[in-house]
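See structure below.
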Amino acid sequence: MNILILGSGGREHALAWAVKQNPKCDRLIVAPGNAGTAAIAETADIDVMDGDAVVRFATEQAIDFVIVGPEAILDAGVSDALRAAGILTFGPSKAAAQLEASKSFTKEICDAAGAPTAAWKRFDALAPAKAYVAEQGAPIVVKADGLAAGKGVVVAMTEDEAQAALDDMFDGALGVAGASVVIEECMVGEEASFFVLSDGTSILPVGTAQDHKRAFDGDEGPNTGGMGAYSPAPCLTPAIQSQVLDEIVQPTIDEMAKRGTPFEGVLYVGLMIEADGRARLVEYNVRFGDPECQVLMMRLGGQVLDLLQACAEKRLDQMQVNWAEDHAITVVMAANGYPGAYAKGSVIKGLGDLVEDSRNMVFHAGTKSDSNNITANGGRVLNVTARGDTLAEARDRAYAAVSVIDWPEGFNRTDIGWRAL
Ligand code: AMP
Ligand code: GLY
């Protein structure tokens with residue numbers, strides 16, 4: 001098979017690494033890719049947000065299967081353009097990607113499906129939103145309805161904080177994403193993520209994970225896209241997984257199908273496990289998490305190509321995952337200053353001294369090859385990933401690799417996995 005992966009982060013490097021292990025993979029192209037994907041696959045400099053351009057490229061290159069990484073590409077309708085051209089594609093339609101692109105859409109689906117989630121209300125104007133917050137009090141959660149690159153959610157511990165967030169959003173701080181807001185009940189508990197493939201009808205879980213959103217050790221500092229992750233998430237017990245599949249995931253898939261917009265891809269189910277031992281939905285994403293994908297791929301390996309292909313060909317009911325009793329962890333190395341302003345272009349040394357195999361991999365998130373050097377080219381730059389029989393073993397392996405990487409312009413958390421260890 002000739003395979004094209006769209007995206008340029010650590011998630012896409014991990015997908016490429018796993019897919020390439022499958023003997024069915026003949027040719028592998030990652031567009032636009034990064035220095036890490038360039039070392040294991042071809043890269044292509046095409047406009048991945050332009051459906052026509054992607055279709056043209058895929059046709060010219062005789063691509064058999066396209067895997068879409070990030071949500072922005074899905075929201076741009078690229079998967080629809082590919083399917084319309086008869087090209088097998090993994091990733092939901094633009095209509096189904098609304099499950100991530102619109103918070104109020106997801107809430108309406110949950111209500112229609114009877115899926116447990118936080119109580120909510122949507123507002124399109126400032127005054128009634130402010131009155132509602134005054135009436136509800138704090139803590140309370142304010143969310144921009146649209147895609148805001150992870151910046152659209154404020155968990156307000158005080159009423160003032162919630163009112164200030166509303167002022168900002170209606171003032172246009174997040175552009176059109178904040179033109180309407182969802183105000184939600186604040187849920188309390190332990191957060192975990194569940195990744196479930198769906199071909200529009202059937203579902204198949206492919207792993208659980210927990211990430212670390214804050215920049216610094218001890219969950220201090222600003223929110224980030226994720227500073228590390230591990231899989232499995234011990235708090236997502238088999239009993240809670242069944243509850244989530246029965247009460248949240250399958251009803252959502254059924255509701256999407258009923259509306260004529262079946263969800264075909266991976267549903268990233270963000271959950272809050274509350275004191276009563278049950279989970280409620282925090283949010284959906286319509287793609288693999290980054291860096292959660294890195295730990296899932298480390299555990300799944302080459303079978304992931306068979307799973308994604310079966311998903312795209314609507315025969316997921318014939319598939320099963322071959323699980324190993326293993327654990328994986330990924331430590332994000334980010335540029336100093338991230339998630340605020342940071343410099344690009346610093347040289348990363350020591351990567352050549354690392355062993356890379358089925359238990360140890362450094363996935364590149366934001367890197368570039370610069371003559372003889374690998375340089376930093378983003379906020380989150382490397383995902384140092386390892387697998388072990390226990391989480392502690394995986395953690396020790398990952399941090400041993402981190403210590404070999406010589407990059408003074410970067411930083412990492414030293415406590416990834418603490419909650420489960
Ligand atoms: P999101 O950007 O939608 O992933 O949300 C960011 C984070 O906000 C989530 O991972 C949760 O930690 C938190 N969050 C979102 N909604 C709620 C809620 N209703 N109650 C408590 N925390 C929430
Ligand atoms: N790690 C969070 C995300 O991918 O949205």
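Quick look at the values:
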item: Matching residues, segment 224-246, being β-branched (Val, Ile, Thr), at pLDDT 95 or above and buried (at least 20 other Cβ atoms within 10 Å of the Cβ); result: Val244
item: Filtered residue count, segment 186-223, keeping only those that are acidic (Asp, Glu), loosely packed, with under 15 Cβ neighbours inside 10 Å and more than 15 Å from ligand 2 (Cβ to nearest atom); result: 1
item: Set Thr224, Thr208: member being of a type in the set (Ser, Thr, Tyr), touching a residue at least 24 places away in the same chain (Cβ under 8 Å), touching a Lys or Arg at 6+ places or on another chain (Cβ under 8 Å) and within 16 Å of ligand 1 (Cβ to nearest atom); result: Thr224
item: Gln318, sole failed condition from (1) in contact (Cβ under 8 Å) with a residue 12 or more places away in the chain; (2) open to solvent by 30 Å² or more (accessible area, probe 1.4 Å); result: (1)
item: Single unsatisfied condition, Ala18 versus (1) assigned to a helix (DSSP H, G or I); (2) over 17 Å from the mean Cα position of the chain (by Cα); result: (2)
item: Residue in segment 167-185 that is surrounded by the most Cβ atoms within 10 Å (Cβ to Cβ), counting only those that are at pLDDT 90 or above and in contact with a Phe, Trp or Tyr (Cβ under 8 Å, 6 or more places away or on another chain); result: Val181
item: Residue ID - least open to solvent (accessible area, probe 1.4 Å), chosen from residues in segment 150-166 that are over 16 Å from Ser180 (Cα atoms) and among the hydrophobic types (A, V, I, L, M, F, W, C); result: Ala156
item: Residue among Ala192, Ala125, Ala148 that is of a type in the set (Gly, Ala, Ser) and either touching a Pro at 6+ places or on another chain (Cβ under 6 Å) or more than 30 Å from Met297 (Cα to Cα) (or both); result: Ala125
item: Residue tally, condition of a type in the set (Ser, Thr, Tyr) and either within 16 Å of ligand 2 (Cβ to nearest atom) or part of a strand (DSSP E or B) (or both), over segment 255-283; result: 1
item: Residue check for Glu264: open to solvent by 20 Å² or more (accessible area, probe 1.4 Å) and within 13 Å of ligand 1 (Cβ to nearest atom); result: no
item: Any hit, segment 373-395, residues being hydroxyl-bearing (Ser, Thr, Tyr) and modelled with pLDDT under 95; result: no
item: Residue in segment 101-122 that is crowded, with 16+ Cβ neighbours inside 10 Å, more than 24 Å from the chain's Cα centre (by Cα) and over 16 Å from Leu281 (Cβ atoms) present; result: yes
item: Inter-residue pairs, beta-carbon under 8 Å, first on the phi > 0 side of the Ramachandran plot and in segment 282-304, second of a type in the set (A, V, I, L, M, F, W, C) and within 14 Å of ligand 1 (Cβ to nearest atom), 6+ apart; result: none
item: Selection status of Thr375, open to solvent by less than 30 Å² (accessible area, probe 1.4 Å), of a type in the set (S, T, N, Q) and within 21 Å of the chain's Cα centre (by Cα); result: no
item: Every residue from segment 142-164 that is under 17 Å from the mean Cα position of the chain (by Cα) and either more than 9 Å from ligand 1 (Cβ to nearest atom) or aliphatic (A, V, I, L, M) (or both); result: Gly146, Leu147, Ala148, Ala149, Val153
item: Qualifying position, being over 20 Å from Arg287 (Cα atoms) and polar (S, T, N, Q), among Thr59, Thr37; result: Thr59
item: Where a residue in segment 175-203 is within 25 Å of Leu245 (Cα to Cα) and its partner, wherever it lies, is open to solvent by less than 40 Å² (accessible area, probe 1.4 Å) and of a type in the set (Phe, Trp, Tyr), with Cβ under 7 Å and at least six apart; result: Ser193/Tyr268; Phe195/Tyr268; Phe195/Phe288; Ser198/Phe263; Gly200/Phe263
item: Residue tally, condition within 12 Å of ligand 1 (Cβ to nearest atom) and either in contact with a Cys (Cβ under 7 Å, 6 or more places away or on another chain) or under 25 Å from Ala386 (Cβ atoms) (or both), over segment 277-289; result: 3
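The values are calculated or read from the model by the stated rules, or taken from the named source; none is laboratory data. Note that this is a predicted model, so its numbers are computed, not measured. FYI the Cβ positions are ideal-geometry reconstructions off the backbone, even for glycines, and counts take in every protein chain you see. To get the accessible areas, we keep the full protein, side chains included, count just its heavy atoms, and leave off ligands, DNA and RNA. Shrake-Rupley method; radii C 1.70, N 1.55, O 1.52, S 1.80 Å.
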